[in-house]
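The values are calculated or read from the model by the stated rules, or taken from the named source; none is laboratory data. Everything quoted here is computed from the prediction, not taken from an experiment. Note that we place each Cβ from the backbone using ideal geometry, even for glycine, and neighbour counts take in every protein chain shown.
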Amino acid sequence: MGKLLRQGDHVVGIDIGGTKIMAAVLNHRFEIMGRCRKKTRSKKEGQSTEERIFDVVAGALDEAGNPEIKGIGVGSPGPLDPATGVIIDTPNLNWKDFPLGEALGRRFGVPVAVDNDVNVGTYGEWCFGDVSDCADVLGVFPGTGIGGGVIVGGKLLHGFSGAAGEVGHMTIEVDGPYCGCGKRGCLEALASRIAIAKEVAALAARGDAPYIAENFGTDIANIRSGALAKAIEAGDAMVEDVVRRAAYYVGIAVANLINVLSPEAVVLGGGLVEAMESLFIEEATRAITDHAMPFLRKNVRLVPAKLGDDAVVLGAARMIAEKLAEQ
């Protein structure tokens, strides 16, 4: 892992999310020397998202002792163009055709690599997690939404558009609920934390999820992954049914992808999996057995993600290090 950077070299990895921005400074061994995280929304009047990102990078550099950096890698919500570093359209950050790579390069005077946040997280898990010995890897991350990343032959799959891997928008139920993307029956509309929270809030409102009702109420913003895990532990059986069904839907999507891509390993991550790992692995395994072709699913490893919140910054750092090594 250390061959890409020379001793004394440092790079920055940035994870841009809808709720938080995190930056980390990493040394030549990809060890984190300093980090900074802030909420994406600024309390400062009129501060743009890009200024906030600059602040977070400066904070991480400060904690690391302000070393000279060789480059910056970024994982950002898409769709985006990884070749140019332009964010095509990210409504919750108010970016449209925004040249993020260019803006960061100008501000810090170094080369920048930009890719989809879930692609970068999958790449981080592949480089530093439990699947580094596999050339063909699928990453599926159910959280607030559902993202995916595909590694084929040791390379991230970007496809013709540059935005391959939108696992959350596979149609699972043709006449299913509406998704935020405008389609019906997407995996995200059936199995994301938001989708689960909507169902659980309705259960709580009618008295079928007493633990949730008493401790978290019926506001879906409060029914987060940890709340769901606690409710299941406390014996809210109908909450468990909802979560298990969602996990099974995730498994159906994984099974379909196994049939198409034949990966050697599948990494399941994201907030829901972190909070209820054994439940998700169990239900996804059941769905894969039910829906993937026996020959294609044989010996495929299904593993929980290992890096948690650091997956994107580590993947982004590795990505820029590789770009620098190619120059």
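Numbers at a glance
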{"read-out": "Residue within region 160-176 that is aliphatic (A, V, I, L, M) and surrounded by fewer than 16 Cβ atoms within 10 Å (Cβ to Cβ) present", "value": "yes"}
{"read-out": "Out of Val114, Val152, sole residue that is surrounded by fewer than 17 Cβ atoms within 10 Å (Cβ to Cβ) and among the hydrophobic types (A, V, I, L, M, F, W, C)", "value": "Val152"}
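To keep it simple, each residue is scored yes or no on (1) in the same structural domain as Phe30 (by TED's automatic domain parsing); (2) under 24 Å from Tyr248 (Cα atoms); (3) out of contact with any helix residue (DSSP H, G or I) (no Cβ under 7 Å at 6 or more places or on another chain); (4) modelled with pLDDT of 95 or more.
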| site | (1), (2), (3), (4) |
| --- | --- |
| Asp97 | yes, no, yes, no |
| Ala103 | yes, no, no, yes |
| Val112 | yes, no, no, yes |
| Phe128 | no, no, no, yes |
| Leu138 | no, yes, no, yes |
| Gly143 | no, yes, no, no |
| Gly149 | no, yes, no, yes |
| Gly153 | no, no, yes, yes |
| Ala163 | no, no, yes, no |
